[in-house]
Ligand SMILES: C[S@@+](CC[C@H](N)C(=O)[O-])C[C@H]1O[C@@H](n2cnc3c(N)ncnc32)[C@H](O)[C@@H]1O
């Protein structure tokens, strides 16, 4: 019995001690855990989750652009179509481009003789002041509003019957590489590849036109024969061309003439729709007119380097 009590006591004593040790251990551990946590460098590095407000991405408004392609500064007035305020007066220098980001169409006023001519400009579209055939100031639709590239001509497609005559006059065949300067929807090159067996390179700045051109080449099954390049035609390399086709404004032909003179191989042919190349009279080897279904007469000029 004594034995048992002792044993019991002993056991009891041991149990209290153990409990005490265990208590101390738990306390020490939880203290040390707290300490470790507080000094954990990783914890310091853990980024604090911030609830930042996301800034809205500013909406890119479509732009109306106005370029001055005349040889003099032009003063004009402009206002939003819904605006009751007086229009703003602006002067645009030669070669300059004015940008108007806007959700609306705009009214523009420019002087001709003693009158202010008023036009409504469609939002998102490029325009250019040019002199018309009577040497009067006129505002034309342009092809792009980029400051880093010349605007050679607005997009107006060559009628297919005119394109066909252009390629026939140039005698295009399967040995040719035809470059179309400002290729638009690619119709001249697609015809050159499909019907005349030539290879083609289309140079165009307008991405929408290039999309159409690539699709048209695909539909005609000649996408392997034509390369479309998005670049400024005034900075392109024409040294590989055997035939060049163009349908551009007269001043653009004038601008490109020295580039073509410097780069084209001897014997290369140049076909121009509607406008001749001033200064190349001695190179002219052909001229034809084509009347289209609506009675319009189109001129075609052929030159040989
Ligand atoms: C009158 S269209 C001729 C389209 C096509 N060659 C045809 O005859 O059907 C002129 C084209 O030149 C493009 N263009 C204007 N300036 C250009 C530039 N600097 N570089 C390349 N293309 C340009 C326009 O976007 C437009 O598509």
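Computed from the coordinates by the stated procedures, all read-outs in this text should not be read as laboratory data. Fair warning: this is a prediction, and the values are worked out from it, not measured in the lab. Note that we place each Cβ from the backbone using ideal geometry, even for glycine, and neighbour counts take in every protein chain shown.
Distance in nm between label sites at residue 208 and residue 240, each 7 Å beyond Cα in the beta-carbon direction?
Output for this residue pair reads 2.9 nm.
Compute the relative contact order of the stretch 52-134 as a whole-number percentage, counting only Cα pairs closer than 8 Å that sit 6 or more residues apart in sequence.
Taking the mean separation of contacting Cα pairs over the length of the stretch 52-134, I get 37 percent.
So if each residue of separation counts as 0.36 nm, and I subtract the Cα-Cα distance between residue 299 and residue 278, what length gain in nm does that give?
6.1 nm
Calculate the spin-label point distance for residue 168 paired with residue 75, positioning each point 7 Å from the Cα along the beta-carbon direction, and give it in nanometres.
Between residue 75 and residue 168, the label points sit 5.4 nm apart.
Between residue 257 and residue 291, 0.36 nm times their residue separation minus their Cα-Cα distance comes to what?
Stretched out fully, the residue 257 to residue 291 stretch lengthens by 9.5 nm.
Debye calculation, C-alpha points only, no solvent: report log10 I(q)/I(0) for the stretch 227-285 at q = 0.28 Å⁻¹, in the same order as the q values.
Treating every Cα as an identical point scatterer, log10 I(q)/I(0) equals -1.55.
If you line up the Cα atoms of the stretch 160-304 on their principal axes, what length do they span on each, largest first, in Å?
For the stretch 160-304, the Cα spread along each principal axis is 39, 36, 28 Å.
Using only the Cα atoms of the stretch 69-127, construct the convex hull and provide its projected area averaged over every direction, in square nanometres to one decimal.
For the Cα atoms of the stretch 69-127, the hull's average projected area reads 4.3 nm².
Would you calculate the separation in nanometres between label points at residue 63 and residue 132, each defined as 7 Å from the Cα along the Cα-to-beta-carbon direction?
2.8 nm
Taking Rh as the Kirkwood radius, which is the inverse of the mean 1/r over Cα pairs, what is the Rg/Rh value for the stretch 115-190?
Computed over Cα atoms, the ratio is 1.09.
Of all DSSP beta bridges in the stretch 146-305, what percent run antiparallel (nearest 5)?
The antiparallel proportion sits near 40 percent.
If I take every Cα pair under 8 Å that is 6 or more residues apart in the stretch 160-304, average their sequence separation and divide by the length, what percent do I get for the relative contact order?
23 percent
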